[in-house]
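See below for the structure under consideration.
Taken together, the values in this text are just the output of simple stated rules run on the coordinates, not laboratory data. Only a predicted model underlies this, so the values are computations on that prediction, with no experimental measurement involved. Methodologically, a virtual Cβ is constructed for each residue, glycine included, from the backbone with ideal geometry; neighbour enumeration extends over all protein chains shown.
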DNA sequence: TAATAAGTTTAGATTAGTCTAAACTTTTGT
DNA sequence: ACAAAAGTTTAGACTAATCTAAACTTATTA
């Protein structure tokens, strides 16, 4: 059984690896974990010993199959809990991260599979990031800004970029939620505002707003 | 901020204190915590230092106001999560304790207050134990076995004693849930079975079963 | 009431995770 | 290419929580 700390290191290594796969080094991990490089060295030696990471002195690290599996499981749990917090408990999109950081370490496979079912098998978390399935597969979709959707195209809301309270209120009052299907009716070249349709109701949306909504193509 | 271990010690001390207020001693705590008496001594010295418990060498311990407040908060969280697991995720009544033991340590006041609202302010957990309110007040009700309810009286199901899968299935198939209102129609002296009414439907119930259902008077 | 049993505390050790300071390796830039 | 800078590891120390073994205190009971 891994400790929360070990799980967090694996998650950090995974997430650094996504953008910089060739240089997951002590310093970057230390920054992500808000700790000192020497502490990181201690921990990566321990994780290498347990075969969750590949490690050669001075050469940085990468996850083994086992290590990657665990990292992805944690991410899956994190994102499912975020959906729960937003969709069921009505937290705002920007309030959930910290709580999900705690909930992601709860150990129970049954819990996660029942939670997933309860949430109706969501495919994205409230920030538009994909939720890995129980086998660790991640459906990599294109996360597009609404502003760059073609006229006359349908798309589905999968998340928000920025989540100020006023922005969330705007979405609320126009019945735009995660999973809403929108259609772009027309775009105004002058100010980049757009006319969209949601539930057969037309709404005019400023460029400010359309740049903050992540959607995916239908 | 208390560690999970510290929280668990306070919870253990609280729960031992309920049945044996005069003798919350090292041995009993060690048994409850599944640890050694010497470890308990170390911890109670630390908790006494932090003023969560009253402690005099060789004399046992008792909770301070502060200590009791925290213990009750943990119990509140534990029981709310149990309701969530049973009512929303459809776990059986006997599967939830272990998971709630983990969830009770999640730190977020907002989370608990939103969870409570989401669950519709339940007053009892699935075992019939009362859920403390946000100020730590516990509504002590009488937890009666259905078997001892008077004929012609109404009562509300607040929990189960034993929860074998076959028993839970019986409840399920007769639409008996937490909060169900039952009326005792008649009792059979011969085998102590009883006839009850649930949703205007009469059900015959063996003594086996009526001894396993906790109810409270309406 | 004194010996024994039961229970408690202390002393010293261990493990996980962290830190600082020093030593070491790799990279960079003239 | 080699000195300086940047990055990494090691050594030794610290805290939290635990343990065993020994010392100590309280309770029991013959």
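Some points to look at:
- Cβ neighbours within 10 Å from other chains - mean over A:78-85: 1
- The fewest-to-most ranking of A:52, A:121, A:190 by surrounding Cβ atoms within 10 Å reads A:190, A:121, A:52.
- As computed over the range A:1-104, the Cα convex hull volume per residue (Å³): 99
- Span from the the range B:119-172 Cα centroid across to the the range A:168-196 one, whole angstrom: 48
- Rounded tilt (10° steps) of B:109-118 against the dominant C-alpha axis of chain B: 0
- Nearest-first distances (nm) between copies at residue B:148, label 7 Å from Cα via Cβ: 7.0
- Of A:166, A:180, A:62, the one that fluctuates the most in a GNM where chain A has Cα springs shorter than 10 Å: A:166
- Per principal axis, descending, Cα span of the protein assembly as shown in whole Å: 83, 59, 38
- Cα radius of gyration and Dmax for the range A:144-217 (Å): 10.9, 30
- Neighbouring partner chain Cβ atoms per residue of A:107-119, average, 10 Å criterion: 3
- Degrees, to the nearest 10: A:4-19 long Cα axis against longest axis of chain A: 60
- Just so you know, the Rg over Rh for chain A is 1.04, from Cα atoms, with Rh as the Kirkwood radius.
- Label distances, nm, residue B:101 versus same residue in remaining copies, Cβ-directed 7 Å point: 2.7
- Largest GNM mean-square fluctuation across A:75, A:176, A:131, computed for chain A with C-alpha springs under 10 Å, falls on A:176.
- Where labels lie 7 Å past Cα in the beta-carbon direction, separation of residue B:34 and residue B:94 in nm: 1.8
- Estimated 222 nm signal from helices in chain B, with DSSP H stretches of n ≥ 4 weighted -39500 (n - 2.57), rounded to 500: -12000 deg cm²/dmol
- Summary for residue B:117: label point 7 Å along Cα→Cβ; distances to the equivalent points in the other copies, ascending, 2.9 nm.
- Segment residue B:190-residue B:109, length gained on full extension (0.36 nm per residue, minus Cα span): 23.9 nm
- Degrees separating the helix A:65-83 axis from the principal Cα axis of chain A, which is the longest one: 40
- Ranked list, fewest to most other Cβ atoms within 10 Å of each Cβ, for A:55, B:58, B:9: B:58, A:55, B:9
- Ranked by how many other Cβ atoms sit within 10 Å of their own Cβ, fewest first, the residues A:213, A:111, A:218 fall in the order A:218, A:111, A:213.
- Each part reduced to its alpha carbon centroid, the range A:62-77 and the range B:59-74 end up 39 Å apart.
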